[in-house]
Amino acid sequence: MITEAWEVLRPHELQSRLWRTKARFVGVAAGRGSGKTELARRRIVRYLPVKKNLYSTCQYFYALPTYKQARRVAWRPILRLIPKEWIQGQPNESEMRVDTVFGSSLYIVGLDKPQRVEGDQWDGCVIDESCDQKPGHFERSIVPALTHKNGWCWRIGVPKRVGVGAHDFKEFCLNATGFGTDYEYYNWPSEDILTPAQIEWEREHLDPKDYREQFLASWESISGAVFYAFDNVLNVREVQYDPKLPLVIGSDFNVDPMAWVIGQIHGDMAQKGRYGTPDETEFHVLDELWVRNTNTGECLDRLHKRFASHESGFEFFGDATSRARNTRASTSDYVQIINDTRFSKHIIAGVYYPKKNPSRANRFAACNAMFCNANNKRRCFVHPRCKNLIKDLNQRGYKENTTEPDDYGDIGHITDALGYAIHTCFPLGTRVPSAKIFSET
């Protein structure tokens with residue numbers, strides 16, 4: 001939780017409070033040139049002579065996104081901060097490690113290989129340029145490595161709109177949970193710290209969003225977001241499962257992760273059939289399947305376990321099979337669904353796929369029209385439990401100056417699954433009928 005209203009304090013007061021903090025976990029989203037990095041470097045050096053008890057030695061690390069970046073940006077500047085009389089022997093250049101006469105050690109690391117910090121227990125660390133750190137590393141690698149010694153961690157950086165870890169860092173800063181009073185968040189601009197000439201130059205060369213982000217430390221909305229019509233408040237609600245309506249399954253057949261969405265169509269279309277898009281019809285996303293290193297059979301097992309008592313039918317939607325060079329689906333994926341009598345036995349049962357994949361632009365447009373159309377009406381709602389879907393809807397964006405999605409890591413899979421279902425059930429303009437692999441029985 002945020003322990004104080006830091007935003008009402010002057011920058012130098014924030015820095016002073018940050019220096020004295022005793023919180024284990026700290027998020028710092030500050031402007032470029034604001035002094036956050038210098039403060040963090042001095043903080044970690046300051047701890048080198050501190051002993052926790054008479055018997056243990058302390059280990060610390062300062063991390064940047066890559067090894068090369070860590071060597072170029074942090075190794076020499078931090079080494080210069082350590083008094084020579086503190087250093088035991090010679091600094092280890094290859095490992096970027098300094099051992100001290102106090103028995104403590106400081107490592108400068110790149111987290112492009114998180115195993116560099118795994119296996120050891122650490123007393124404290126700084127994660128710099130947090131918006132460029134790969135998502136998931138903090139939870140999977142850093143926190144476990146701080147557990148046994150009750151170690152502390154600062155995550156610092158400029159609050160960027162884009163970057164492989166931008167969403168994770170923003171969530172940590174603004175919505176951190178699980179740390180209680182052990183967490184503090186600091187946010188300050190660099191506009192009052194840099195010289196007027198520097199600020200004037202930046203104002204001349206940056207657009208308003210870039211300037212606010214880089215120098216006012218403002219969390220700006222993602223530029224070029226794919227699902228720009230999606231709203232975290234207005235499109236997220238606790239939609240209710242209706243046992244009388246069929247379940248609509250949108251599937252992305254990637255192996256790691258395999259991502260499916262589970263929803264229901266409410267309104268006229270649910271009663272009259274799947275063709276046509278009356279204004280009163282809504283699509284409610286009830287749940288999601290997000291499974292790593294899996295296959296279609298295992299996902300079907302999980303789906304059945306979750307909805308074993310559902311008797312009103314299942315309809316599956318996905319991408320074209322073996323018709324595009326980069327398709328994720330194969331004929332065998334659909335055959336497994338067709339032959340699974342747990343689903344095909346129902347009166348309403350179908351597996352739908354297009355003869356060819358629709359353009360991504362049309363698929364994205366169909367989703368945005370459901371999230372909010374030109375009449376400001378929202379017809380697609382997502383249950384809060386669908387955390388991976390909501391994250392993807394917020395994070396998926398375009399490459400700069402292109403219409404190509406900037407997909408990386410896990411981004412794109414689950415929103416593709418949603419798009420296959422929405423584009424078929426709620427198409428824009430004239431509907432192109434889908435190929436249905438097996439008929440209603």
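Readers should treat all values here as calculations from the given coordinates under stated rules, not as data from a laboratory. Everything quoted here is computed from the prediction, not taken from an experiment. We place every Cβ from the backbone using ideal geometry, glycine too, and count neighbours over all the protein chains shown.
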Completion exercise
Listed by chain and number, the lysines with an alpha carbon less than 23 angstrom from that of LYS134, same-chain partners under 8 positions apart left out, are LYS36, LYS68, LYS113, LYS160, LYS170, LYS387, LYS391, LYS399
Completion exercise
A chain fully extended from GLU404 to ASP301 at 0.36 nm per residue, minus the present Cα-Cα distance, gains in nm 33.6 nm
Problem - ARG97 paired with LYS149, simple spin-label distance in nm, labels 7 Å along Cα-to-beta-carbon - result: 1.2 nm
Handout entry: Placed amide H near ASN357: partners under 5 Å, 5+ positions off or other chain
Key = ALA320
Problem - Paramagnetic label zone (point 7 Å from Cα along Cα-to-C-beta, GLU280; backbone N under 16 Å) in the range 366-401 - result: 379
Completion exercise
To the nearest 10 degrees, the tilt of helix 360-371 (Cα long axis) against the first principal axis of the alpha carbons of the chain is 90 degrees
Fill in the blank from the handout: Fraction of alpha-carbon pairs in the range 40-176 farther than 26 Å apart, rounded to whole percent, equals 20 percent
Problem - Backbone N within the range 37-77 under 15 Å of label point (7 Å from GLN198 Cα along the Cβ vector) - result: 37-39
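Could you list the chymotrypsin sites (Phe, Trp or Tyr not before Pro) in the range 190-257 that lie in coil according to DSSP, counting only those with at most 12 other Cβ atoms within 10 Å of their Cβ? Provide the component values of the computation, followed by the final result.
Details: sites: TRP201, TYR211, PHE215, TRP219, PHE227, TYR228, PHE230, TYR241, PHE253; in loops: TRP219, PHE227, TYR228, PHE230, TYR241, PHE253.
Nothing satisfies the criteria.
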Practice task
Would you mind ranking TYR67, TYR107 so that the residue whose beta carbon has the fewest other beta carbons within 10 Å leads the list?
Solution key: TYR67, TYR107
Practice task
Could you list SER218, SER309 in order of exposure, starting from the residue whose Cβ has the fewest other Cβ atoms within 10 Å?
Solution key: SER309, SER218
Handout entry: Förster radius 30 Å - calculated FRET efficiency between ARG17 and SER221, Cβ distance, rounded to 0.05
Key = 0.55
Problem - Scattering curve values for the range 340-395, log₁₀ I(q)/I(0), Debye with Cα scatterers, q = 0.16, 0.19 Å⁻¹ - result: -0.82, -0.97
Completion exercise
Across ALA197, ALA365, ALA63, the residue with the highest GNM fluctuation in the chain (Cα network, 10 Å cutoff) is ALA197
Problem - Principal-axis tilt of helix 196-205 within the chain, Cα atoms, nearest 10 degrees - result: 20 degrees
Handout entry: Å³ per residue enclosed by the Cα convex hull of the range 150-223
Key = 107 Å³
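Please rank GLU238, GLU139, fewest neighbouring Cβ atoms within 10 Å first, as an exposure proxy. The partial results should precede the final answer.
Working: GLU238 9, GLU139 12.
Listed from fewest to most nearby Cβ atoms, that is GLU238, GLU139.
222 nm [θ] for the chain, helices only, -39500 (n - 2.57) per DSSP H run of 4+, per residue, to 500?
Theoretical 222 nm ellipticity from helices: -7500 deg cm²/dmol.
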Practice task
Quick one: compute the contact order of the chain, relative version, from alpha carbon pairs under 8 angstrom and 6+ residues apart, as a percent.
Solution key: 16 percent
